[in-house]
Amino acid sequence: GCFLLLWYNSQLCESNECSFIFNTYLFPLQGAGQDVGRSCILVSIGGKNIMLDCGMHMGYNDDRRFPDFSYITQNGRLTEFLDCVIISHFHLDHCGALPYMSEMVGYDGPIYMTHPTKAICPILLEDFRKITVDKKGETNFFTSQMIKDCMKKVIPLNLHQTVQVDDELEIKAYYAGHVLGAAMVHIKVGSESVVYTGDYNMTPDRHLGAAWIDKCRPDILISESTYATTIRDSKRCRERDFLKKVHESIERGGKVLIPVFALGRAQELCILLETFWERMNLKAPIYFSTGLTEKANHYYKLFITWTNQKIRKTFVQRNMFEFKHIKAFDRSYADNPGPMVVFATPGMLHAGQSLQIFKKWAGNEKNMVIMPGYCVQGTIGHKILNGQRKLEMEGRATVRKLSFTFTLTFFLLCNLDVKLQVEYMSFSAHADAKGIMQLIRMAEPRNMLLVHGEAVKMEFLKGKIEQEFSINCYMPANGETTTVTTNPSVPVDISLNLLKREMALGGPLPDPKKPRTMHGTLIMKENSLKLVSSEQALKELGLNEHQLRFTCRVQLQDPHSDPDTLHRIYTHLKSVLKGYTIQHLPDGTVMVESIVIKVSSSAEDPNTKVLLLSWSYQVTFLRC
Amino acid sequence: MEEDLDNILDDWFIESIKIYKDLHVYQLENPTQVLEWTSGRNVCVAGYTSSSKNEILELHLPLKLLADKNKGLCAERDFKVVHGGFADGPVRRLRHIPGTRCAVTNDGHSSSLQVWDLGGDDSDVIRRTGSVEGGRTGSVRGSRIAARPSSQPQVLHGAQSDDVRLTEITSGRTVYKLEVDSSDALSSLQFVTDSIVVAGCCKGSILVADIRSPAAPQVCCPPASSAESVLWWTDASASSSRLIRLSSCGQAVVSELRMLGGGAVCQAQLDIQMRGSDSEDVVVSWAPALDDCIAVSGFSGAVQIYNTSLWKSDLQETTPLFQHRGHMVSSQQPDGVLTTAHAWHPERPRTLLSAASDGSVHVWDWVNQSAAESGSADPPT
């Protein structure tokens, strides 16, 4: 994985075509190759600069975990350079650098995200801050207050609602599946538009629907492509393996710990286990951390429209998340004999209830811990997923007051042998190659841009997209600039008078299939363009008409007097320019159509004649 | 309706917990009749639609399936598309030439072959590099293809018994031709050793030839059958030197390769009936790492495993040892779906890949119930 910073620019060219320039900056990173940490994309469209996602890389402990914002500005606040920031969903690799960007680098402009993302994002950021600062003791990290201040800048988005960021920039969110509140976003300035997908999922699951977008035909579709070269195993097989593991452990009398984040995957797995217990008539108790149930239910009630149809339907009759087999957990239950399943937070085993239970159960090989998601470095979850079987645990910090006035703190370090079975399962819902094709079919973009975290080979996919849809597909690599040519249609109003005048000038009748040159003045005013006659333009704009004439001096040797020379020129022109109006005027000038010719002698040498020619700019135009 | 389907699926997946060790279900954009190993980890699939462009894909098996140690810590269960290419016509057959990155394909209605470079580490594109002309022009049947490792890449190919030839791919030179008088349509063509070739005819007869000698092949008559105009499919096992012939009526006959004239070793009446009209879908194959077992697909939406060691010398009805119903169960049209191909994993005894007409590809590793019940596990492989 790595960061991606992408610059997108558009400008109107002379040929009435648009040129989109991409500069991508990829900072190669080493790491465990996990599907984390990359997204931060900068788009410049029609003069507006938009930041898409503000993710962090989880594999780094220093400044490299955040995108390099000095790319935007070396000094000063980002507010001047960005029109808005849009966050696609609450995963830290898409929003983890947000408080750093807004509060530490400095950005006061609007930040857009959906309602569920707005609700969940600060919880995850706070969790992550705790691990980084409180557990690992890092400094130079954002504070709780910064997270709060950052979230104050957030403007919530509703699905399919067009939001006017300013007079010219509008954005619209579409459902992306993936996680609760995930959105794709359509960004439009004038006739130019871009769709950014974030992470999305084209197949519905137990609690979320499939991504959907209308035929919005953007100039460019920017799609995530982490799974572009895969064919995804079915969700049901993932669930089957989960149930199989839980069942195996229960059968042998073991206890199963499932560390989860309070929202999302936890509900999905609860629905699954509930169904399984019902069908298999299982008796072993299932527990869910107390408090969490209420919190989760609260959120799901708020965001029920973001779940799939089935859940929305059943929610009317009963709360899908009030379970028959799943009961609230009490910490004393952990010592009960016999098999049980416990869902506990937090998901990465770094603190709290899940870690307490883990410590109790780790020594028995009959037990099992199932990690249903990714764990950040420095957590117990990360260690056991990397196969570590001996853990150095920080025991309870004992604070004792001695007889005098000072306090002693004891940190007990003890070793923990991990004997229980560790299972890692990925339930993440991403679009694979087929999903990307489906989305292109839906949105019908004019160009496709695949952003990828690593230098994967995707020549075949590029060929496939270009063949099937006859569009260009770009996969800019580290630091590469891609120029995309588009053909925006710019509507112009033409005044009726002007049209009538053009008709009166004669020539063939207008043919809609053939372009025809017209003369007029183009006025750009308040986001609209109109073509009017120059007289009308002068009148509307309150300007005086100015005449522009070109002059030219030609020297020649001629011994005759000035009037004679002029007359000789007149007769000569008469003989060579047949069919033109040539006049010898009494004021001592010759006129060929509108071109004026005068003759004068040089002061030093009367034989050297100076011809003065003068013509209007229209003549130049016509002769061209 | 959709809910019913969901419930049936849920039931089957719950049942599958007991009967499969591993189960992976994938959906290709187009169905495949090709499931060809290019190594123990990679497999090729290809589309066979007549209209549009078809794809040839080389897929890397999911890491979770391949993991021996710490399987639980491996969450990766997707196919990875390692190489891909486009074919102008349908791809009915694809044969990888062992020891090379070369594959040959046939479109199912001409005798010519297309030659492909499967691509290396530096590229993810499969490119067409040439073609091999067949012995017969204007043929309506596609060629069967067989390959073996050799210093020069060679393929044995032909649609009928009298046009079978061994062609050197780079030069296009014919290095061997099967000398027979009959012109029977072929259902299979394979090498059982480096030099011994077995050709199975649709009418049930078998030709065995040694490509080192110009002598006419040994011919073996079709098995006695109650029905007329049945079709036969054949597979020979190199390790056990046995041959299985399966008819469109479900009659299965096992013979000793070295004593083809000596009659059946054992036989059975399988519980299958030819349903579709496309005989190209039917595959019968010996398990490479599980003694006496065969897999049968293409008669319905199921893949069946039979243990031939339980069969008798006279024709008796038999039931499958195991049946993979996944394609039928997970399909939108359970009656309409037909298995189009299957392939045993070359080393793992009970791991198979199977494909169906709805574009599904399943990877499964079934649990040996008798061993599970008696408490004895499989010997380590």
Exercise. Reachable lysines from A:Lys457, Cα under 16 Å, same-chain residues fewer than 8 places away excluded?
Worked result: B:Lys80
Exercise. Once the other residues with Cβ under 11 Å from the Cβ of B:Gly204 are scored (Lys, Arg +1; Asp, Glu -1), what is the net sum?
Worked result: +1
Problem set entry | Integer Hz, Karplus 6.51/-1.76/1.60 couplings in order for the range A:273-278, x for Gly and Pro | 5, 4, 4, 5, 4, 4
For this session: Give the distance, in whole Å, between the Cα centre of the range B:97-121 and the Cα centre of the range B:7-73.
Result: 21
Exercise. Separation between the A:Asn336 and B:Arg101 pseudo-spin-labels, each 7 Å from Cα along Cα→Cβ, expressed in nm?
Worked result: 5.9
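Accessible area, 1.4 Å probe, largest first: how do B:Ser247, B:Ser52 sort? Could the numbers behind the result be given before it?
Details: B:Ser247 0, B:Ser52 60 Å².
Sorted by accessible area, descending: B:Ser52, B:Ser247.
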Exercise. When you look at the Cβ of every residue in B:81-90, what mean number of other chain Cβ atoms sits within 10 Å?
Worked result: 3
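For the range B:257-332, what does the relative contact order come out to in percent, with C-alpha contacts under 8 Å and a separation of six or more? Please report the intermediate quantities before stating the final value.
Values: 116 pairs, mean separation 24.2, N = 76.
Normalised by residue count, the contact order of the range B:257-332 is 32 percent.
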Problem set entry | Restraint check, B:Lys18/B:Lys312; A:Lys383/B:Lys69; A:Lys366/B:Lys18; A:Lys152/A:Lys327, Cα-Cα greater than 28 Å | B:Lys18/B:Lys312; A:Lys152/A:Lys327
Problem set entry | In order through the range A:435-443: 3J(HN,Hα) via Karplus (6.51 cos²θ - 1.76 cosθ + 1.60), integer Hz, x for Gly, Pro | x, 4, 4, 4, 5, 4, 4, 6, 8
Exercise. Under the Karplus relation 6.51 cos²θ - 1.76 cosθ + 1.60, θ = phi - 60°, what is the ordered set of whole-Hz ³J(HN,Hα) values for the range B:341-357, x standing for Gly and Pro?
Worked result: 6, 8, 8, 6, 5, x, 10, 7, x, 10, 9, 10, 10, 9, 10, 9, 5
Seminar exercise, completed: With all protein chains in place and a 1.4 Å probe, A:Phe128 shows an accessible area in Å² (nearest 10) of 20
Seminar exercise, completed: Taking a ≥ b ≥ c as the square roots of the Cα gyration tensor eigenvalues, with a/c under 1.5 meaning rounded and otherwise prolate when a/b beats b/c or oblate if not, the range A:549-619 comes out oblate
Exercise. Could you give the nm distance between label points at A:Asn75 and A:Ile494, where each point is 7 Å from its Cα heading toward the beta carbon?
Worked result: 5.4
Problem set entry | Placed amide H near A:Tyr200: partners under 5 Å, 5+ positions off or other chain | A:Ala431
Problem set entry | Accessible surface of the range A:549-619 [probe 1.4 Å, protein heavy atoms]: carbon and sulfur percent | 57
Exercise. Between A:Ser533 and residues 5 or more places away or on another chain, which pairs have amide H atoms under 5 Å apart, with H built 1.01 Å from N, and which residues are they?
Worked result: A:Leu498, A:Thr521
Seminar exercise, completed: With every protein chain in place, the accessible area of B:Met274 for a 1.4 Å probe, in Å² rounded to the nearest 10, comes to 60
For this session: At 1.4 Å probe size, with every protein chain present, just tell me what the per residue accessible area of the range A:549-619 comes to in Å².
Result: 65
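How much net charge surrounds A:Ser600 when only the other residues with a Cβ under 10 Å from the Cβ of A:Ser600 are counted, with Lys and Arg +1 and Asp and Glu -1?
Values: positive: A:Arg553, A:Lys598, A:Lys609; negative: A:Asp562.
Summing Lys/Arg as +1 and Asp/Glu as -1 gives +2.
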Problem set entry | Nonlocal amide H pairs with B:Thr340, under 5 Å, H built at 1.01 Å | B:Ala355, B:Ala356, B:Ser357
Exercise. Quick one: net charge of A:Val195's neighbours, Cβ under 10 Å, K/R +1, D/E -1?
Worked result: +2
Exercise. In nm, to one decimal, how far is the B:Arg127 label point from the B:Gln369 one, both placed 7 Å along Cα→Cβ?
Worked result: 5.2
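Suppose a student asked you for the relative contact order of chain B, using Cα pairs under 8 Å spaced at least 6 residues apart; what percent would you report? Write down the numbers at each step before the final one.
Working: 939 pairs, mean separation 47.5, N = 381.
Reported relative contact order: 12 percent.
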Problem set entry | Protein accessible surface hidden between A and B, which excludes ligands and nucleic acids, total in Å², probe 1.4 Å | 3600
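The values are calculated or read from the model by the stated rules, or taken from the named source; none is laboratory data. Being a predicted model, the structure only gives us computed values, none of them experimental. Glycine gets a Cβ as well: all are built from the backbone with ideal geometry, and neighbour counts include every protein chain shown. Note: areas computed on protein heavy atoms with side chains; ligands, DNA, RNA excluded. Shrake-Rupley method; radii C 1.70, N 1.55, O 1.52, S 1.80 Å.
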